[in-house]
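Below: one structure, written as C-alpha cells.
The values are calculated or read from the model by the stated rules, or taken from the named source; none is laboratory data. None of these values were measured; they are calculated from a predicted model. When we count neighbours, we look across all protein chains shown, and the Cβ atoms used for this are built from the backbone with ideal geometry, even at glycine. Surface areas here come from the heavy atoms of the whole protein model, side chains and all, with no ligands, DNA or RNA. Shrake-Rupley method; radii C 1.70, N 1.55, O 1.52, S 1.80 Å.
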Amino acid sequence: MTDLTNVKPYGDTLDDGMVQLSFTLPVPLTNATKEAARQLVVKMGLSEPSVVHAGAISDTFSFFIVYAKCRQGIDITQIVAPEVTLKVLSKKEVDDFIKQNMKRKLNVLGACIESDAHTVGIDAIMNMKGFNGHKGLESYHEINAVNMGAQVSCEEVIRKAFDIQADAILISQVVTQKNIHITNLTKLADMLEAEGLRDKLVLVVGGPRITHELAKELGYDAGFGPNTYAEHVASFLVQTGKCKAAAANL
C-alpha cells in the first residue's frame, strides 16, 4: 500500500526512489566528463548515481543518462493542482447543446502562433480526422472550425477572429525554448485585450508544457496538456457559458 504522505519514485521495488535523468554538458566526452556527470547528480541531492549511457554529440558537447536514488518523498495529500473542470460530452451532446442554446454554429478559430511551426497539436484538435481515433472539431456538425495552421502572427489571428466572428480561439504552443511560448501567449492575450475582444470570446491554449494554472496566469480561460482530445475542448467551450455571451456580443 502506497503511503500518499511520502511518495517516492518507483524503479524496481516500491519506495526505492530510483530515477532516470538525461542531460547535456558543454564538454567533450572523456572519462573525466563521465565522472563529472556522476558527481553533478550527487550535488543535485541524489545518491548512488550510475552513468548508464554517455555519448558524444560533437567535439564540444556530450549527452548522459544517469540512474540514481531520490532520498526525498512528497506528501501528495497536501497538493492542490488547478485543472479544467468539465463533464466530457459526446460529439452528439456537444452538437445538440450548440443547436439548442446558440441557434447557430459555434465559430472556433485555431492556430499555432508566431515562430512555432508544429501543427501536430492544433491539427489533432481541429482537423476532421483528429488523432488516435478521436475526431477533430471539423467533424462536429454545429461547429465552424477554422484552422489557420502554423507560424500565424498574433495580428493575423485577431484579423481572422473579426472576420469569422469567432466565439473561441484555440492556440497551440509546442516550442518552449527560452520560454518563447510564454512570450507568444502573453502577446496574443494583450493584443486581444487592446482590441476589446478578450471578454467577448473564449481563449484556450494547449501544448506539451501547458497547464491550466499557467494558462490562467497568462490570461487564458483554460489550458490543456497532453492526452487532450477534441471532445475535451468542445465540452469546455459549451460549458463555460462564455460562448453564449460571445454570441450576444459579436
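Numerical summary
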| read-out | value |
| --- | --- |
| Under Karplus coefficients 6.51, -1.76 and 1.60, residue-wise ³J(HN,Hα) of segment 2-10 in Hz, glycine/proline x | 6, 7, 5, 8, 8, 7, 10, x, 10 |
| Length-normalised contact order of segment 58-192 in % [C-alpha pairs under 8 Å, at least 6 apart] | 26 percent |
| Residues whose placed amide H lies under 5 Å from that of V202, excluding near-sequence neighbours | A168, I169 |
| Highest-fluctuation residue, C154, C112, C70 considered, GNM on the chain with Cα pairs under 10 Å | C70 |
| Gaussian network model of the chain, Cα within-10 Å springs - most flexible of V108, V80, V52 | V52 |
| Segment 185-239 versus segment 65-102: alpha-carbon centroid distance in Å | 15 Å |
| The chain: relative contact order in percent, alpha carbon pairs under 8 Å with at least 6 residues between | 17 percent |
| P(r) histogram, all alpha-carbon pairs of segment 1-124 included - 5 Å bins from 0, percent | 2, 8, 11, 10, 9, 10, 11, 12, 9, 6, 6, 4, 2, 0 |
| Fraction of accessible area attributable to carbon and sulfur, the chain (%, probe 1.4 Å) | 52 percent |
| Heavy-atom surface of the chain, accessible at 1.4 Å and reported per residue (Å²) | 55 Å² |
| Listed peptides 118-124, 91-97 by packing density, highest first (mean Cβ within 10 Å) | 118-124, 91-97 |
| Protection-proxy order for peptides 1-13, 140-152, each taking the mean of Cβ atoms within 10 Å per residue, highest first | 140-152, 1-13 |
| Assigned charges on the beta-carbon of Lys, Arg, Asp, Glu; the chain dipole about Cα centre (debye) | 320 debye |
| Most fluctuating residue given options P26, P49, P82, as computed from a GNM of the chain linking Cα atoms under 10 Å | P26 |
